[in-house]
Amino acid sequence: MARRATLDRGTPRDADEESGAAGDLPARPGRPGRRSGSQWREPEQVSALWSEARGSRGSSAQRAGSAPWRGSGGRWVVWTLRVVAWAVLLVIGYRGVLAIIHGSGSTTSGTAAAPAASPASTFPTTQAEAYALQFGSAYLNFSPATAANRASLLAAMLPAGADPQLGWNGVGTQTMQSEQVAAISVQGAHKAIVSLLAEINDSQMIELGVPVYTSGGRFVVTGEPALLPVPKAAVAPTAGSQSVDATAVSALQSQLPAFFRAYASGGQATLSRFLVQGAQVTGLGGAVTFNQLVSVTAPPGGATRKITAVVSWKVPTSTETTGTDAGGVVSAARLEMTYTMTVVEQDGTWYVQSISSSAQFPGPP
């Protein structure tokens with residue numbers, strides 16, 4: 001096998017050996033080997049050198065990777081902060097849109113804030129009404145014999161320096177029989193006008209407006225009251241005509257008097273004979289005595305009907321038990337009362353299921 005000549009350019013042998021000791025690079029692929037210095041490299045040696053070179057490069061790369069990278073590592077922190085900032089902006093924008101849609105300034109709470117209480121709602125209504133009643137009792141009763149006592153009572157309820165008689169000239173006598181609160185008009189957290197309905201001089205009904213002021217749990221009538229017109233009677237609607245079952249009316253007129261006698265006495269054992277099974281009806285306990293069944297109105301229908309019954313009761317009085325009526329006949333006091341009843345027909349007999357007050361017009365239809 002011929003060897004290719006190599007021109008020795010005078011490289012010292014020691015240098016050549018150092019070069020060989022450091023590890024020459026192997027020959028390029030396709031060549032059996034190359035010469036370093038004055039030595040020839042066999043193919044097996046070339047392969048070994050290549051393996052050593054690759055291993056040394058891998059170790060260098062590993063050492064480089066294990067060391068901290070000081071080049072562009074701060075970029076990760078910047079990108080993280082950017083992501084966080086965008087997330088915050090998106091959340092704020094989303095909640096702002098919800099606030100516009102729902103008309104609420106905050107979407108963090110599931111319930112709306114409770115509205116603040118109005119000043120009028122904090123006014124002590126019950127105490128003001130009681131105070132006005134006490135004032136009315138002192139104000140509406142007067143006579144020359146009790147003028148000093150009246151002035152003393154009113155002075156305790158009026159502002160300092162006010163006229164304790166509130167304009168009464170000391171003449172005449174007035175007596176109040178009863179009074180009650182008709183209404184109260186609250187003007188704010190501290191003042192209101194209480195309207196009183198009172199009966200004076202045994203027959204006259206009046207309405208009195210009393211101005212009341214309160215602060216710190218105390219009350220005062222701030223000035224003179226005002227006499228107001230009493231409420232007028234309302235005009236009730238005219239009752240419409242209704243069909244009547246004459247056969248049922250006839251049967252009820254003959255059967256109901258016995259029920260009303262038992263109902264007046266209040267005897268439960270006797271009363272139960274006239275009731276539907278399971279009905280809960282309690283008698284009057286002897287407060288009145290049955291006089292007569294004035295009228296019955298029964299509309300057509302089935303076995304269960306809602307009827308109207310007008311009853312005349314004998315009512316005991318406190319002064320006398322008998323008297324002379326318009327016809328000159330001596331008898332007890334009597335009152336007519338109207339009832340709404342539910343009755344049920346069973347085997348030709350009407351039994352009572354319930355009885356209550358009636359909204360119908362009094363008296364016969």
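Couple of notes before you dig in:
- Test for GLN255: is it surrounded by 14 or more Cβ atoms within 10 Å (Cβ to Cβ) and outside any strand (DSSP E or B): yes
- Number of residues in segment 267-321 that are over 13 Å from VAL343 (Cα atoms) and basic (Lys, Arg) equals 2.
- ALA120 falls short of the stated requirement of being surrounded by 11 or more Cβ atoms within 10 Å (Cβ to Cβ) and modelled with pLDDT of 95 or more.
- Of all residues making up segment 165-193, the number that are of a type outside the set (D, E, K, R) and under 21 Å from THR214 (Cβ atoms): 14
- Listed conditions (1) more than 19 Å from ALA130 (Cβ to Cβ); (2) touching a helix residue (DSSP H, G or I) at 6+ places or on another chain (Cβ under 8 Å); (3) among the polar types (S, T, N, Q) are all met by GLN187, apart from (1).
The values are calculated or read from the model by the stated rules, or taken from the named source; none is laboratory data. From a predicted model like this one, the values you see are computed outputs, not experimental measurements. Here Cβ is always computed from backbone atoms with ideal geometry, including for glycine, and neighbour counts include all displayed protein chains.
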